[in-house]
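One structure is given below, encoded as structure tokens.
The values are calculated or read from the model by the stated rules, or taken from the named source; none is laboratory data. It should be emphasised that the depicted structure is a prediction, and the values quoted were computed from it without experimental measurement. All Cβ positions, glycine included, derive from the backbone under ideal geometry; neighbour counts span all protein chains shown. Note: accessible area is taken over every heavy atom of the protein model, side chains too, but ligands, DNA and RNA are not part of it. Shrake-Rupley method; radii C 1.70, N 1.55, O 1.52, S 1.80 Å.
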Amino acid sequence: MNKRVLAACTLSVVAITLLTGCSDRSDMEDATLPLALGLDIDENNKFHVYISSPEFSKSVKTKHHEISVPAETLRQSRSGQDAHSAGAFQGRKFQVVLLGQRLLQQENWFRMLDVLFRDSKNTVTDRVIAINGSIEDLIYLNPPDEPYLPLLLKGMVDTKSARSETVKTTVQELHRQIFETGITPSIAEVKLDKKDDIKLNGTALLDHKGRYVTTLNAQETVLLKLLQKEAKKTTSLTFTVPGVQKRSPFETNKISMNTDQVKTKIKSSYMDNQFHFHFTVHIPAVLSEKMFPYDMRKNGDQLTNIITKQAQKQFAALIKKIQQHKIDPIGLGLYARAYQYEQFMQAEDHWGEELAKADIQVSVTINIKAMGPVK
């Protein structure tokens, strides 16, 4: 029995010693762990890679380190990053991937991210964010009264996307949207305002080749998420009520409401050499703000009709914007492929142009369930 126990202990020690997870051990003090990766093109059309990593040394005052290096590829830039850092570069902990404005104006820039997918050690859950401006201006900002930049940007995207005011597109999801012909990519967009404060600008829309096309503000993004059936939590919408005059700085013609459990139905068809899509959007609403005098109890139905018409106009304006730019952030191509397969396959290679000619209608029904505890 003792020999068996001794043999079992010996085998256990050998197994622990040979564990592959310990062969590439790297102490935190000897590693550089960037949390932000930035890609951009400078004024001379040169590709640049930016990283921002925390500093764990007790002897430094600034607890983060930013590096910018010119490069030909993302993996080739690692030697330049190592040359500017004390530790060995470990590109496995990215929280955000920042894409500069000049980069997004180029075709096929997405190929530069190949290493993120090909090297299995990399993560693909990083949040992808478009920068309305230069990455260099943003990555070296790091205001002392705000959280560390990568964590601030990640928090912005996660919290605002939960309210459907932007989108939370990961590297993996962006890969799907780039190569999926039935949808065009959409990513969160950030900019610096005039006071150099970081501001979430809404949602950047890209075409099938990944080029930047236009930006949706927070309200337009909420409408987009409703059409996509992806508004999972309570959202807020604000509408202008026509015919209400502004008599003072505090009496406006705005009305706001919270929406929950919105039901969206989509029907697709193909007739007369044209795709047809019809949305039916049922919005149960609770009034959260009314900035003008109005007798809700006597004229509630009239106000509901006014809000419904304003919502209908905003949905129509969003559809028009999408068709003008020949993009499909809603993913209507997925419905066309599912229900009109033969016609879609004929238009797959030029789906943006085909969708621009499609007949897209949105019917909105708003049901005001509550007007609040005040008159």
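Annotations
- Take the conditions (1) at pLDDT 95 or above; (2) among the charged types (D, E, K, R); (3) farther than 25 Å from VAL190 by Cα; ASP260 misses just one of them, which is (1).
- Any hit, region 192-215, residues being under 12 Å from the mean Cα position of the chain (by Cα), closer than 20 Å to THR308 by Cα and open to solvent by less than 10 Å² (accessible area, probe 1.4 Å): no
- Remark: pairs (first residue in region 141-170, within 15 Å of ILE131 (Cα to Cα); second residue assigned to a loop (DSSP other than H, G, I, E, B) and open to solvent by 60 Å² or more (accessible area, probe 1.4 Å); Cβ separation under 8 Å; 6+ apart in sequence or on different chains) = LEU141/ASP196; LEU152/GLU146; VAL157/LYS168.
- Near pairs, Cβ below 7 angstrom, 6+ apart or cross-chain, from region 259-273 (on the phi < 0 side of the Ramachandran plot) to any residue that is open to solvent by 40 Å² or more (accessible area, probe 1.4 Å) and part of a loop (DSSP other than H, G, I, E, B): THR259/THR234; ASP260/THR234; THR264/LYS229
- A single entry from ASN367, ASN305 fulfils the requirement of being farther than 30 Å from ALA204 by Cβ, over 26 Å from the mean Cα position of the chain (by Cα) and not in a helix (DSSP H, G or I): ASN367.
- In this structure, SER236 does not satisfy being over 17 Å from GLN310 (Cβ atoms) and modelled with pLDDT of 90 or more.
- Subset of region 95-144 that is of a type in the set (Phe, Trp, Tyr) and closer than 11 Å to LEU39 by Cα - its residue that is farthest from the chain's Cα centre (by Cα): TRP109
- Residue check: GLU189 meets all listed conditions (1) more than 23 Å from LYS313 (Cα to Cα); (2) open to solvent by 40 Å² or more (accessible area, probe 1.4 Å); (3) charged (D, E, K, R) but one, namely (2).
- Selection of region 102-124 for residues being assigned to a loop (DSSP other than H, G, I, E, B) and of a type in the set (Val, Ile, Thr) yields THR123, VAL124.
- Listed by first and then second residue, the pairs with beta-carbon distance under 7 Å, at least 6 apart or on different chains, first residue in region 42-70 and part of a loop (DSSP other than H, G, I, E, B) and among the aromatic types (Phe, Trp, Tyr), second at pLDDT below 80 and surrounded by fewer than 18 Cβ atoms within 10 Å (Cβ to Cβ), are PHE56/MET28; PHE56/GLU29.
- Scanning region 100-125 for residues that are polar (S, T, N, Q) and modelled with pLDDT of 90 or more yields GLN101, GLN105, GLN106, THR125.
- The numbered conditions (1) crowded, with 20+ Cβ neighbours inside 10 Å; (2) over 30 Å from ASN305 (Cα atoms) are all true for VAL222 except (2).
- Checklist (1) of a type outside the set (A, V, I, L, M, F, W, C); (2) farther than 26 Å from ILE283 by Cβ; (3) touching a helix residue (DSSP H, G or I) at 6+ places or on another chain (Cβ under 8 Å) applied to GLY202, failing item: (2)
- Close pairs from region 347-375: first exposed (fewer than 12 other Cβ atoms within 10 Å of the Cβ), partner assigned to a loop (DSSP other than H, G, I, E, B), Cβ under 9 Å, at least 6 apart: ASP349/THR181; GLU353/LYS326; LYS375/ASP295
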